[in-house]
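Read-outs throughout are calculated quantities, based only on the coordinates presented, and are distinct from any laboratory measurement. These numbers were taken from a predicted model, which means no experiment stands behind them. Because the Cβ atoms are built from the backbone with ideal geometry, glycine has one as well, and the counts that use them run over all protein chains shown.
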Amino acid sequence: MREELHIDSGVVPSALRDRPQWVCWRSEQRDDKSTKVPVDAHTGEYASATDAGTWTDVETALKYARDHDSVDGVGFVFTEDDSLVGVDLDDCRDSDTGELSENARAIVEQLDSYTEVSPSGTGVHVIVHGALPEGRNRHGDVELYETARYFTVTGGCLGEQRAIHERTDELAAVHREHVAQETETTADHPPAAVEASVSAASAGNALSDDDLLEKARSAQNGQKFGALWQGDTSGYDSHSEADMALCCLLAFWTGRDQGRVDRLFRESGLLRGKWDEVHYADGATYGERTVERALQVTTDAYDPEHAGEDEDTSDAEGGDATQPSDRSHAYLVERNRLLREQIDRLETDLEDADERIESLRAIVDQLEADLTEREQTIDTLREDAQSRESRGVWGRAKRAFDRDTPE
């Protein structure tokens, strides 16, 4: 565990400390991007924010982190069983001066609950008791989570507040002002950190997020895009297929910009806890693999510089790589891949079942053989006992007869 991330468990609020919802984490590079992956403190394998079997208590997590250089810190998992909500404010703090951006300072003051600095020193985590309003939970550098996610915990308290407080009303206000809809500040004059983030993410083309979404909604398949964006999975056989469909559309409109596809997807109604779950042996998450596959099957990309006057409809149709009604090539490729995965899983399950059946049969045969052997042993012992008893009775009778017989 890095020295600067040493944590005294006594500093952590009891609302977190007393719950066995802790994991370790380590930083890994994924597509030239640093990602914090959860680690099971019992096994050292990947943990999951939806599998309580991979969590532990705070002391166990801290001990593992201190004893193993392979992890970088500890984290706390939010679940439906608690009333805790995490507010993640990215790229809002000057790591040298400690100064917060105007938006971040306003949110921290509004929530007035336990707040700490993120591992990078450039972000802030606020933890409160409460409930999130309906709708998306992320916009720009503001993210709100109450289940199926984990927060890194550093113990680097910001301010004097050491307790976690009930803040449902304040959460609703933060959601309304910073997440649910764009305010004048974020729409027309975004903060420098947000503006830089958007610029860096827009390598595929120069469209702003607002223009991109407007063009996607105005295209010939805009109604389908809008439904997916709102979280409607109608017409798809599974939520995963709907995820893939939206990612393919976003891949087209972003110019196949992987980071931007992920960022925009997180603002859609399709986002769920599964997106950040580790699903692969190399530690890749479900969301990472979904975006990667979307880029692989989406060969066309929107180019504003070469689009015609009717670009907002005809070009978008070309980017509709996954609509069920059109049964386009990309959709069929992804559908076939999902079916192959299902078949492979079923075949593996059947093989495992056959092996298990054979193993159980062998156990039953062995038990039957052991039972037969024991029954034979019992019969032998019984016969021996009866024989000894018979000889004993006859001997006593003969001795008695001999005593009674006159000489």
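How far apart, in nanometres, would the label points at Asp112 and Thr43 be if each is projected 7 angstrom from Cα along the Cα-to-Cβ direction?
Between Asp112 and Thr43, the simple spin-label model gives 4.5 nm.
Need the full-extension length gain, Asp94 to Glu80, defined as separation in residues times 0.36 nm minus the C-alpha distance. One decimal, nm.
Separation in residues times 0.36 nm, less the Cα-Cα distance, equals 1.7 nm.
Can you tell me how the range 3-188 classifies by the Cα gyration tensor, rounded, prolate or oblate, using a/c under 1.5 as the rounded cut?
Because a/c hits 1.5 or more and a/b exceeds b/c, the range 3-188 counts as prolate.
Extending each Cα 7 Å along its Cβ direction at Glu373 and Ala353, get the distance between those two points in nm, one decimal.
Going from the Glu373 label point to the Ala353 one covers 3.3 nm.
Tell me the chymotrypsin sites (Phe, Trp or Tyr not before Pro) within the range 247-302 that lie in a loop according to DSSP and have at most 14 other beta-carbon atoms within 10 Å.
Tyr280
Take Arg272 and Ala52, extend 7 Å from each Cα along the Cα→Cβ direction, and tell me the distance between the two endpoints in nm.
Label-label distance for Arg272 and Ala52, simple model: 2.0 nm.
Taking H placed 1.01 Å from N in the peptide plane, check which residues at least 5 places from Glu166 or on another chain put their amide H under 5 Å from its amide H.
The answer is His129.
Provide Leu249, Leu270 in ascending order of the number of other Cβ atoms located within 10 Å of each residue's Cβ, fewest first.
So the ranking, lowest neighbour count to highest, is Leu270, Leu249.
Using θ = phi - 60° and the Karplus curve 6.51 cos²θ - 1.76 cosθ + 1.60, what whole-Hz ³J(HN,Hα) does each residue of the range 131-147 get, with Gly and Pro shown as x?
Computed from phi, the couplings for the range 131-147 are 9, 7, x, 5, x, 5, 10, 8, 8, x, 9, 10, 10, 10, 9, 10, 7 Hz.
Would you mind getting me the FRET efficiency between Arg66 and Arg162? Use the beta-carbon distance for r and R0 = 22 Å, nearest 0.05.
So, using R0 = 22 Å, E works out to roughly 0.45.
Residues with beta-carbon under 12 Å from that of Thr377, excluding Thr377: net charge, scoring Lys, Arg +1 and Asp, Glu -1?
Every neighbour counted, the sum reads -4.
In whole Hz, with x marking every Gly and Pro, tabulate ³J(HN,Hα) for the range 379-387 from phi via Karplus 6.51 cos²θ - 1.76 cosθ + 1.60, θ = phi - 60°.
Couplings: 4, 5, 4, 5, 5, 4, 5, 4, 5 Hz.
Could you list the GluC sites (Glu not before Pro) in the range 42-118 that lie in coil according to DSSP, counting only those with at most 10 other Cβ atoms within 10 Å of their Cβ?
Answer in residue order: Glu80.
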